[in-house]
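Working notes, structure below.
The values are calculated or read from the model by the stated rules, or taken from the named source; none is laboratory data. Given the structure is predicted, the values throughout are model-derived calculations rather than measurements. All Cβ positions, even for glycine, are placed from backbone atoms using ideal geometry, and neighbour counts span all protein chains on display. The area values use the complete protein model at the heavy-atom level, side chains included, leaving out ligands, DNA and RNA. Shrake-Rupley method; radii C 1.70, N 1.55, O 1.52, S 1.80 Å.
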Amino acid sequence: MYGKQRFLLAVIIALVVAALVVVSQLPARLGLDLRGGAQLTLAVQTTEAVPEITPRVLEAVQSVVEGRINGLGVSEAVVQTSGNDQLLVQLPGVSDPEQAERVLGGTAQLEFLAQRPGTEVQLPIEQRLLAELLLERSQLETAEPVNAQELAEIREKVQRQEAEIAKLYESTELTGDRLRDAFAQAPAGATGSWRVVVQFDTRGGDLFAQLTRNIAGTGRTLGIFLDERLISAPTVQAQYAETGIVGGTAEISGNFDAQSANDLAIQLRGGALPVPVEIVENRTVGATLGRDSIRRSIYAGLGGLVLVLAFMVFYYRLPGLIADIALCIYALLTYAAFVLVGVTLTLPGIAGFILSIGMAVDANVLIFERTREELQAGKTLYRSIESGFYRAFSSILDSAITTLIACGALIWLGSGLVRGFAITLAIGVCVSIFTAVTCSRTLLFLSISIPSLRKPVLFAPRKVEAIQ
Amino acid sequence: MKIVVSKIRTWTWATSGLLIAVGVLAMAISWMQFGAPLKPGLDFAGGTRLQFERDCTQAQVCDTPIDLAVVRQVLTEQGLGSSSIQILGAEQQGLSIRSVPLEPEIRNRLQSNLESELGAFDPAQTQIDTVGPTLGRQLLIAGMLALLVSFLGIIIYLSVRFQTDYAVLAIVALLHDVLVTAGVFALLGLVQGVEIDSLFVVALLTIVGFSVNDTVVIYDRVRENLKTHGDAGISEVVDIAVNQTLGRSINTTLTTILPLLAIFVLGGETLKYFALALIIGFVAGAYSSIFVASTLLAWWRERQMPALKTAVSYGEDSDLLE
């Protein structure tokens, strides 16, 4: 018996140390409502040509949106799919989302351009310059602390360089709406590389043949532009100089692996889709706005919790004190779980956390009330505590599961803030079952192994005296 | 202290009935006024809410409070005269505007027009919320669906863990708590213009979880007592169970409400009504578990008693009677 207690104690201490390490090493992810930024929800609209938004369509649109966001150069921007036809765009630190809203709405523009004669030498130089700038930009974006001014400068340079490259191409009639499909194809042999297959409709096939005939064998490239940015620049082999690539199907080969071939195919598909994107929700919070109000709410909640801790000691004496320790361990473990799971802490999320602490208190209250009753019924201290835990467990489990059912419904059907709240509450409830049953129990048995603490008065002051 | 809940059940049921009736009446009135049982906020009705704060680091910007008439005029010029405007803050340097959903260009024009009249705004203090009308409806449907799904899930779980009549009565108690909370907010919506948002739906779902907790703890005890004092009448068994769990019911409600009360009184605007909804729901939850769910169970079982006896004589489980 004591061996088991000692083992559990070691487990608890190990968990606490691990939680402390996690909390000190990993930063918590704060939601945009806490640190400021813009969150946009985009709805992908159906059209006659695309009557249904399939996951494949959504994926393609997502890649287009990601491309546009990259163009904005917001660091740590996130694009996620949400539901069947929505995309969630998070732009941390953006307090004026007008620019983002402008570039995000609207339909993608995919164009196939021909390189101008006489620019064969210039193109690789410009591309290398762009690659250097992009590398520099990504370094600046990940640097700590972020140098906003340098970052803004480099972004402007990138845009200018992209425009420079676009100038090397002249337009053709071939645009994305002529593209029927694009997909990645695995290498035929063991040694080959991945390819991207593009298929055009009849008119597109003719235009493509014309375009490729003009540039075949010249060393000039075919420029594929998505939203006016060059995403691929293949050359056309000399053998097609007579007729161009006919039949409406072509393969782009290069140094593709499965990943990059697939990325390009998705970008092409996205560009070809005639689906407009509408911004249906915009939630923007200035960087310092509400920080005061939020801080006040959190402090108020914490203040209330301190009162709860005091109440527990006052009412339940020694077990109350132990429950308080267990609650502190609970709060630490839960917070560490949030950080580990990568829960984004939003305001309702924190409210869920504070509430789950209330639940954790409830588990302890159930146990101690039961222990008290058993003491009043004349059982020994040890037996009372044992059966207090044993009998209260079914109530604790039932209440935890009913709360989890409500959380499950929210996680399943809710979105955004609502889901954040449900996830934090659910994690909290799970951890609370563990701490109430393990921590409180182990610590309580540990304390009654100390003779001077082994007094019923410390457990249920007045009532026991009355009985004696 | 010992309370005999079965003796006062006429009174406690009447109190609950009255509370719910007032709430339903308020919802009916607000249905006529707003077309919804509760006053829908931005999240559900759709629209744009803009919140600005003057940039007081610039000279002379904050010398005078913001003039409501000036703001109203700027809005009317842009055809947004029907928007609601609020001046915020003790120094009256903040501004909140609620309007129909605005396109980014229109919103930007409005902002620059306001800035040329009122002085520069601090971008770090700006808040923009735009919810499209279709999205609002989606959010509402998702919320209601979540509520229904959790009801169903709880009924199924409790039917498995207890018996069907426990499960149904627990849901009755739960509906009571949800109705009381919704009723109070319908009243607040009529009297103070309090609107409900996504957080309110979250609050309702949390109330669902906690309210069932309270009821389950008492039912758990009733079930246990039925095994040990099976010979006593059901009302007596329920009374004993309620008194045995009374300390727990009060203490748990108290410890959960303390932090919420602190958030309601001292906390910021965003969480204020969320905390209030939870407080009302939890108090109603404790009340309904102690006085309503318990006595309903006793009343129901008493009604079933004669039938139950015949069932026992046939050696059947009481569950099979329905």
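For the protein assembly as shown, A:Cys328, A:Cys407, A:Cys430, A:Cys439 have no disulfide-compatible partner, since no other Cys C-beta lies under 4.7 Å from theirs.
Size of the dipole of chain B about the Cα centre, Lys and Arg at +1 and Asp and Glu at -1 on the beta carbon, nothing else charged, in debye to 20? Could the numbers behind the result be given before it?
Details: 20 positive and 29 negative charges, 194 e Å.
With Lys and Arg at +1 and Asp and Glu at -1, about 920 debye.
Positive-end ranking of B:Phe121, B:Val201, B:Ser84 along the dipole of chain B, with charges on Cβ about the Cα centre, is headed by B:Val201. Computed about its Cα centre, the charge dipole of region B:47-131 is approximately 280 debye, with only Lys, Arg, Asp and Glu carrying charge at their Cβ.
Projecting the Cα atoms of A:Gly342, A:Leu397, A:Gly270 onto the charge dipole of the protein assembly as shown, computed from C-beta unit charges around the Cα centre, puts A:Leu397 farthest toward the positive end. Once both labels are positioned 7 Å from their Cα atoms along Cα-to-Cβ, the gap between A:Ala49 and B:His229 label points is 7.8 nm. Taking a temperature of 25 °C and a viscosity of 0.890 mPa s, what whole-number D in µm²/s does Stokes-Einstein yield for region A:208-279 with Rh from Kirkwood over alpha carbon pairs? So the translational diffusion coefficient is about 180 µm²/s. Counting Cβ atoms of other protein chains within 10 Å of each residue's Cβ and taking the mean over peptide B:272-282 gives 2.
Rg then Dmax, both in Å and based on the Cα atoms of region B:47-131: 11.9, 35.
With solvent modelled as a 1.4 Å probe, how much accessible area in total do chains B and A shield from it at their shared surface, in Å² to the nearest 100?
Using a 1.4 Å probe on protein heavy atoms, the buried area is about 5400 Å².
Cα-based radius of gyration for region B:192-246, normalised by 2.2 N^0.38 Å, reads 1.70.
For B:Gln192 and A:Ala131, what does the FRET efficiency come to when R0 = 45 Å and r is the distance between their Cβ atoms, rounded to the nearest 0.05? Please list the in-between numbers first.
On the way: r = 60 Å, r/R0 = 1.33.
My answer for the efficiency is 0.15.
With both labels modelled 7 Å from their Cα along Cα-to-Cβ, the B:Gln78 to A:Ser449 distance reads 7.0 nm. Placing dummy labels 7 Å off each Cα toward the beta-carbon, the span from B:Glu236 to B:Thr134 is 6.5 nm. Can you give the FRET efficiency for A:Val313 and A:Tyr382, using 1/(1 + (r/R0)^6), R0 = 22 Å, r = Cβ-Cβ distance, to the nearest 0.05? Calculated transfer efficiency: 0.50.
Note on chain A: Rg/Rh from C-alpha atoms, Kirkwood Rh, equals 1.17.
Taking a label point 7 Å from the Cα of B:Arg109 along the Cα→Cβ vector, which residues of region A:95-132 have an amide N closer than 17 Å to it? Label zone hits: A:98-99, A:102.
Which order do the peptides A:176-187, A:346-357 take when ranked by the mean count of other beta-carbon atoms within 10 Å per residue, highest first?
The densest-packed peptide leads the list: A:346-357, A:176-187.
So what is the diffusion coefficient of the protein assembly as shown in µm² per second by Stokes-Einstein at 20 °C and 1.002 mPa s, using a Kirkwood Rh over Cα pairs? Estimated via Stokes-Einstein, D reaches 70 µm²/s.
Rounded to whole Å and ordered largest first, report the semi-axes of the equivalent ellipsoid of chain B derived from its Cα gyration tensor (root of 5λ).
Numbers: eigenvalues 540, 77, 47 Å².
Sorted largest first and rounded, they come to 52, 20, 15 Å.
Provide the per residue accessible area, probe 1.4 Å, for region B:47-131, rounded to a whole number of square angstrom.
Numbers: 4170 Å² over 85 residues.
With the other protein chains kept in place, region B:47-131 gives 49 Å² per residue.
Between A:Thr202 and A:Ser75, take the C-beta separation as r, use R0 = 41 Å, and let me know the FRET efficiency to the nearest 0.05. Could you put the intermediate results ahead of the total?
On the way: r = 45 Å, r/R0 = 1.09.
That gives a FRET efficiency of 0.40.
Averaging 1/r over each pair of different alpha-carbon atoms in region A:270-413 and inverting the result gives 18.6 Å, the Kirkwood hydrodynamic radius.
Under the combined filter of DSSP loop state and at most 14 neighbouring Cβ atoms within 10 Å, region A:21-77 retains these GluC sites (Glu not before Pro): A:Glu48, A:Glu52, A:Glu76. How would region A:411-458 be classified by its alpha-carbon gyration tensor: rounded, prolate or oblate, with rounded meaning a/c under 1.5 and the a/b versus b/c comparison settling the rest? It comes out prolate by the Cα gyration axes. Assign unit charges at the C-beta atoms only (+1 for Lys and Arg, -1 for Asp and Glu), then state the dipole size of region A:117-261 relative to its Cα centre in Debye, rounded to the nearest 20. With Lys and Arg at +1 and Asp and Glu at -1, about 400 debye.
Ignoring any ligand, DNA or RNA, what whole percent of the accessible area of region B:47-131 comes from carbon and sulfur when the probe is 1.4 angstrom? Reported share for carbon and sulfur atoms: 46 percent.
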